[in-house]
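What follows is a structure written as structure tokens; I'll ask about it next.
What follows is calculated from the coordinates using simple rules that are stated; it is not laboratory data. Remember, it's a predicted structure, so these values are computed and weren't measured experimentally. Don't worry about glycine lacking a Cβ; one is built from the backbone with ideal geometry, like all the others, and counts go over all protein chains shown.
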Amino acid sequence: MEFTKEITGVSRRVEVLALICPDPKNQQQTPVLVGTNTSLFRRLWDLVQMKGDQNTAHSMRIQSVYAPIRAQEQLPKNDVLGQIKWKGPCPLSIAPGANCYATCKVDRHSAPSKDLILIDAPSTQLLPAGVLVQPGVLSDAGIDSNSLNVLLQNESTKTVSIPVGSVIAEMFAVDTVTPVQPSDLATEKIDPNLFDFGDSPIPEEWKSRLRQKLAERRNVFSMHEWDVGLAKGVEHHIRLHDPRPFRERSRRLAPADIDDVRRHIQQLLATGIITESRSPYASPIIVGRKKNGAIGICIDYRTLNNRTTPDQYTMPRIDDALDSLSGSRWFSVLDLRSGYYQIEMAEEDKEKTAFICPLGFYQSLSRQYAQEEVAPQ
């Protein structure tokens, strides 16, 4: 964005993030959301107002500093499995604002490497302006090459005509998120050299024997972030003194966090920690960054916690715990990875943990998200 010398005292050009919002109904103008430094634009606009008068016209010029990305660069050609063409016998006419199913033929370029196929608009602009293609995912076995129906919508204010042989849509390979399959832990072993006893004074022979024993118990150790267990014989319940459902608004996500949040949610879904929800309850999420730069999702459960009847149980006394260690010389420490993930929610209480975000509506299958609360700031 460029500001003139008359406004700011010196000609200044500022690079900003902008969200382009194309509207097929309006071909003359394209809405743009400009951000994210709102305080800067507020100050600059105040300067415009102070230096202007009734006879001064102000305009804002926006110029992209990045070259447009070509469709060929966005998607490798080998990912396009085929084209879907209007087979006629006459041109396809679509009235303004109307929907229609076009029966097309499929021209395959290559055999699919996967069972699922994505049907979407062409990677290059081949359709008339204002014509939208309804995307969909189909099984490759269910696609009839001579008769495939594609839903088209004319968003323009004029009747459009699509000639015979025009490319309506294209076929793409699909990557799916699949659940993590449990491995055979009974036959799996860990490298004994991973266990480091540091400067422990125990003899080296005992260190070697202990390494071998620990390596044989693969199911005790978590080898990666999503390698968590599940406690058996226990479920977590949420008792409410006010059971009336509530639904809070979703909070916006920073553009820089959207991809990381989407990836994190997909991992939670694949691991079975959360699932999609249709609950009458809804709590918003708050996104933060951990020290290592990884994404961290917290859920604002203040409303839920205010309605929860707390569990009353006796905490162990510290002096009793210290007395129980009297006379001991060797101590071991075990830490659970994501321990709250390992306690399952009771079936009737899962819907109370539902959380909403711009990327979807989900609920917890474990206790973690029912206990995490964000303090007011």
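Note down the Stokes-Einstein diffusion coefficient of the range 202-343 in µm²/s, whole number, using a Kirkwood radius over alpha carbon pairs, 37 °C, and 0.692 mPa s.
165
How many nm is it between the label spots at ARG263 and GLU235, if each spot is 7 Å from the Cα in line with the beta carbon?
In this crude spin-label approximation the distance works out to 3.6 nm.
Using only the Cα atoms of the range 219-295, what do you get for the radius of gyration and for Dmax, in Å?
16.1, 42
Still on this structure: Over 24 Å between C-alpha atoms is what I'm after, so list which of LYS105/LYS158; LYS232/LYS350; LYS213/LYS290 land there.
LYS105/LYS158; LYS213/LYS290
Next question, about the same structure. Spin-label point model (7 Å from Cα, Cβ direction): what's the CYS298 to LEU194 distance in nm?
Distance between label points: 3.1 nm.
Here's something else I'd like to know. Give me the net charge of ALA282's neighbourhood, meaning all other residues with Cβ under 9 Å from the Cβ of ALA282; Lys, Arg count +1, Asp, Glu -1.
Here the count lands on +1.
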